[in-house]
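Student: Quick one: structure below, then a few questions.
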Amino acid sequence: MKVIILFIYFIFSHLIFAAELKDSLTKTELEWLHNHPTIIYSTNPNHLPYEAFDSDGNHIGMVADYLDIIEEKLNIEIQRVPSHSWPDAVKNKHTQVDISSNYTNNKDFLNTHIMTHGFIKSPIVLIKQRADYQPFISSLSELKNERIALGRRHSFLKSVFENYPNLNYREVNSIEDGLKGVASGEYEAALVTLNTGTYNIAKHGLHNLQVVGKLIFEMDL
């Protein structure tokens, strides 16, 4: 009986939430949805735990779960178009992409795209090899002669370069490449968001790495 009551409650609350979501939309927004029952989406193919496209082209990760809920609540279809890279997702010449995910801190996007409010926050952190004694690093200026790996085209690069212009940066193709480079000693440190950094450390078994510092920048997806 309890299970039946819980199931009825879940269905009832589910319908109320769907109605509230639609009620929160303006007449113009509802008309747009009516005229666009299928919305095309593409994104960074390798950005877990946020999202990625797997080998079968399936959209996976936290953002994929959010989009599944939005599809269901608004009774629309969000067509996920796999991409080969983040630049490919942004400049997809074969398909007109309606929406994508990105950090609200990406000022370049503000000139060409309409940004929603962020919904997942993550600070920029510094990753180094584990040591018997490692003081907390509060400023990149403490790493004057060290090789610092960071992902090519990452949204926070502009802010980092503007605030700390004269450091020994090494751009890498992916977060995985940067962290593995630190683990092997190729680089002394890596800059990543906390969420993607800790996810990749766990995924690839890089147990000799640790978070040793935090920048003033915070990314808002």
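Student: Just to verify a result, which residue in the range 31-54, among those that are without any contact (Cβ under 8 Å) to a residue 12 or more places away in the chain and over 27 Å from Ser122 (Cα atoms), is surrounded by the fewest Cβ atoms within 10 Å (Cβ to Cβ)?
Tutor: Asn35
Student: Being over 29 Å from Gly213 (Cβ atoms), open to solvent by 30 Å² or more (accessible area, probe 1.4 Å) and either of a type in the set (Asp, Glu) or at pLDDT 90 or above (or both) is the requirement here; does Asp68 meet it?
Tutor: yes
Student: Within the range 55-65, restricting attention to residues that are of a type outside the set (Val, Ile, Thr) and not in a strand (DSSP E or B), which residue is least open to solvent (accessible area, probe 1.4 Å)?
Tutor: Here the answer is Ala64.
Student: With the condition kept exactly as written, say whether any residue in the range 63-74 is touching a residue at least 60 places away in the same chain (Cβ under 8 Å) and within 19 Å of Thr196 (Cα to Cα).
Tutor: Scanning the range 63-74, I find at least one residue that is touching a residue at least 60 places away in the same chain (Cβ under 8 Å) and within 19 Å of Thr196 (Cα to Cα), so the answer is yes.
Student: Run Ile4 past the list (1) modelled with pLDDT under 50; (2) closer than 30 Å to Ser174 by Cβ and report the number of the one that doesn't hold.
Tutor: (2)
Student: Would you check if Ala190 is small (Gly, Ala, Ser), over 21 Å from the mean Cα position of the chain (by Cα) and either open to solvent by 50 Å² or more (accessible area, probe 1.4 Å) or at negative phi (or both)?
Tutor: no
Student: If I ask for residues that are among the polar types (S, T, N, Q) and in contact (Cβ under 8 Å) with a residue 24 or more places away in the chain, which ones from the range 181-221 would you list?
Tutor: Result: Thr193, Asn195, Thr196, Asn200, Asn208, Gln210.
Student: Suppose the filter is within 16 Å of Glu51 (Cα to Cα) and under 18 Å from the mean Cα position of the chain (by Cα); does Asp108 pass it?
Tutor: Against the criterion (within 16 Å of Glu51 (Cα to Cα) and under 18 Å from the mean Cα position of the chain (by Cα)), Asp108 does not qualify.
Student: Also, I was wondering about something else. For the range 81-180, which helices (runs of 4 or more DSSP H) that fit wholly inside it have 3 or more residues that are without any contact (Cβ under 8 Å) to a residue 60 or more places away in the chain and surrounded by 14 or more Cβ atoms within 10 Å (Cβ to Cβ)?
Tutor: Those helices (runs of 4 or more DSSP H) span 86-90, 157-163.
Student: Which one is surrounded by the most Cβ atoms within 10 Å (Cβ to Cβ), of the residues in the range 71-80 that are out of contact with any strand residue (DSSP E or B) (no Cβ under 7 Å at 6 or more places or on another chain) and part of a helix (DSSP H, G or I)?
Tutor: Leu74
The values are calculated or read from the model by the stated rules, or taken from the named source; none is laboratory data. Source: prediction; values computed, not measured. Cβ coordinates were reconstructed from backbone atoms using ideal geometry, including for glycine residues, and neighbour counts include every protein chain displayed. Just the protein is used for accessible areas: all its heavy atoms, side chains included, with ligands, DNA and RNA removed. Shrake-Rupley method; radii C 1.70, N 1.55, O 1.52, S 1.80 Å.
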